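Down below is the structure, laid out as structure tokens.
The values are calculated or read from the model by the stated rules, or taken from the named source; none is laboratory data. Quick caveat, the model's predicted, so the values are computed rather than measured. Cβ sites come from the backbone with ideal geometry, for glycine too, and all protein chains shown count toward neighbours.
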Amino acid sequence: MHDVPSASVPGGNLHIRHTAVAASSALAFALVGCSSDNGQEDTAAKPSPSNTPSVSASATEEAAGIPPKPDAATSEVLLDVLKAINPALVKDEDKTVDNARNQCSTISGGGKADQAAKARFSTSDHEVTDAEAAAINAALTASLCKS
């Protein structure tokens, strides 16, 4: 986890770090629980392969370091973790989940993850702080970005 100097948010960083660690742990636990195989095979009709080679969106996203869209239960846990950092991060739930998935690409790609989180999760109503950006990245690194 990135250390943020305590001078930037007096007395607030320790709370954010503890919240991020607890939230990350809860999300990681929930993701493991949600991903268990119940032994049932998917019996839905599978599309037949076409003669035209194509690259699926999921393959392109995977290559870019973007995890698959989480199921409803995992999304709910992810949103709860981000709400624990700051409820303003979850104004639009679908957009927040997409932002989280896209943030994984920056995290895994070695980019400036804190700056990207600030830009990606800030809204007209709330500008993400340095401490919140670090907490977002810690939570995502411990959970969604591992899948």
Worksheet entry | Matching residues in region 126-145 - criterion: being within 12 Å of the chain's Cα centre (by Cα) and hydroxyl-bearing (Ser, Thr, Tyr) | 141, 143
Practice prompt. Take residue 103 and decide whether it is modelled with pLDDT of 90 or more and on the phi < 0 side of the Ramachandran plot.
Written response: yes
Worksheet item: In region 129-147, how many residues are surrounded by fewer than 22 Cβ atoms within 10 Å (Cβ to Cβ) and of a type in the set (Val, Ile, Thr)?
Response: 2
Worksheet entry | Tally of residues being in contact (Cβ under 8 Å) with a residue 24 or more places away in the chain and out of contact with any Asp or Glu (no Cβ under 6 Å at 6 or more places or on another chain) across region 82-91 | 5
Discussion item. Condition (residue is surrounded by fewer than 18 Cβ atoms within 10 Å (Cβ to Cβ), among the β-branched types (Val, Ile, Thr) and touching a residue at least 12 places away in the same chain (Cβ under 8 Å)) applied to region 92-105: is it met by at least one residue?
Written reply: no
